[in-house]
1. Past 30 Å, Cα to Cα: identify those pairs from Lys52/Lys114; Lys150/Lys308; Lys161/Lys241; Lys65/Lys199; Lys156/Lys241; Lys56/Lys156, in the order given.
2. Under the rule of at least 5 residues apart or a separate chain, name every residue whose amide H is placed under 5 Å from the amide H of Glu134.
3. Taking the Cβ of Asp140 as the centre, find all other residues whose Cβ is under 14 Å away and add up their charges (Lys, Arg: +1; Asp, Glu: -1).
4. Along the Cα→Cβ direction, 7 angstrom out, place labels at Phe265 and Asn37. What is the inter-label distance in nm?
5. Could you please state, rounded to a whole Å, how far the C-alpha centre of the range 112-139 is from the C-alpha centre of the range 319-334?
6. Tell me, what is the per residue accessible area of the chain in Å², probe radius 1.4 Å?
7. Label points 7 Å out from Cα along the Cβ direction at Asn210 and Ala23: separation in nm?
8. Could you work out [θ]222 nm for the chain from helices alone, using -39500 (n - 2.57) per DSSP H run of at least four and dividing by all its residues? Round to the nearest 500 deg cm²/dmol.
Amino acid sequence: MAIQFDPIRLPPNAQALRAEVRAFVRQEIEAGTFDPNKGAIQAGHSAEFSRKVGAKGWIGITWPKKYGGHERSFLERYVVTEEFRVANAPVGLHFTADRQSGPMVLKYANERIKSDILPRITRGECCFCIGMSEPNSGSDLFAANVRATKCEGGFKVRGTKVWTTNAQHADYMIGLFRTSPSTKENRRHGLTQFLVDMKSPGITVNPIANIGGQREFNEVVFDDLFVPDDHALGEIDMAWKQATSELAYERSGPERFLEISYLLFELVRVLGKDLDVRSAEGIGRLVAQVHVLRRMSVSVNGMLQAGKEPVLEGSIVKDLGTVWQQQLPHRARDLTAFLDGDRHDREVFDRFLAHATTIVPKLTIQGGTTEVLRGIIARGLGLR
Ligand SMILES: Cc1cc2nc3c(=O)[nH]c(=O)nc-3n(C[C@H](O)[C@H](O)[C@H](O)COP(=O)(O)OP(=O)(O)OC[C@H]3O[C@@H](n4cnc5c(N)ncnc54)[C@H](O)[C@@H]3O)c2cc1C
């Protein structure tokens, strides 16, 4: 297989939408709905903001109208995601549902569940979390061992998931549970994805603080949780067949490689307009690199829109985006080392730099580790 990034540009309707989203963001910041500086430090949840975004028609933007969607393109969705990301807007309540859980429900749930849940997501009223990782099963998801045992009318679930982002806010989880042992012929056999109502009895959510002190992810313990039969998503035991293009969406979007873009903007601001050669070259290099990442990410989204499955290309975007972001705090520190703190307003910059420095290690891990992604890339290229 060769690497193929189709040369896709954002179409005029996406650019027009960008102007609309930007105006909305400006208005919401002025109205005090959210503070972009605060949002850079702590990913925000705002029921008010999510409801307003839903009312604008920007959640589930690509989904069928009959479920509250708007049947627009993935490139339009790209623009909405990008504008909210660079503004540090509080999209935490609806983001996971919009990006990956809603599409799973759309594809695999029955009509009653789709008609109930999808419109609530598009109105910005429904938060999802992803229950894949376990204490002994992270990169190797096929080792997952939280058991869902068949019982009258459904399944009983016992076991522990970990690193579950947003479990403390979520209305639903899409959980990956073991319904049968793996087989000799296929070690990926035996796992099923389920829709879990997080308000059900038998679920305990224990917060885990990250290195920056934020409490975004959790341990989730299931103790005889009951999940009804019709909450199984897709075929029993066959979850391994279901994750293909979803992973390309999860990995290649602008929310990944622009997670600490606030630091680049602050760097440009604090360096000012009269740049010396070294600063100009440093900023030029960073901006050129992020520009290429954007072109690649737009390309992956355009290929997904065209019905392709650019899993290899999505992995490359995630890996290069991680490398770029992990270098950014070092470059920013280097380029500002001799700036006079009294003459330059560095307070916000220094706060952002400290925060970015503590969070960039996680970028190697979330959404697939660097080593695993490089394994996928190598396999895609026929090198292993
Ligand atoms: C901020 C953050 C948010 C997260 N949110 C969620 C969430 O919402 N839901 C969820 O389910 N999970 C979530 N995760 C968990 C994340 O997906 C896992 O941590 C990740 O998949 C790695 O699994 P692990 O921690 O078990 O490490 P391991 O899989 O044990 O990996 C340890 C090391 O071994 C390397 N390694 C493993 N396998 C291979 C291989 N085959 N080849 C080469 N090297 C290998 C890895 O690259 C890594 O360096 C989150 C993680 C972070 C950091």
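1. Values: Lys52/Lys114 22 Å; Lys150/Lys308 36 Å; Lys161/Lys241 21 Å; Lys65/Lys199 28 Å; Lys156/Lys241 23 Å; Lys56/Lys156 40 Å.
Listed pairs above 30 Å: Lys150/Lys308; Lys56/Lys156.
2. The answer is Val162.
3. Working: positive: Arg178, Arg187, Arg188; negative: Glu134, Glu371.
Net local charge, Asp140 excluded: +1.
4. 1.3
5. Between the Cα centre of the range 112-139 and that of the range 319-334, the gap is 31 Å.
6. On the way: 17670 Å² over 384 residues.
Per-residue accessible area for the chain comes out at 46 Å².
7. 3.4
8. Details: 13 runs with 172 residues, N = 384.
So the helix-based figure for the chain works out to -14500 deg cm²/dmol.
The values are calculated or read from the model by the stated rules, or taken from the named source; none is laboratory data. Just so it is clear, the model here is predicted, and its values are computed rather than measured. All Cβ positions, even for glycine, are placed from backbone atoms using ideal geometry, and neighbour counts span all protein chains on display. Areas reflect the complete protein model, heavy atoms only, side chains present, ligands, DNA and RNA absent. Shrake-Rupley method; radii C 1.70, N 1.55, O 1.52, S 1.80 Å.
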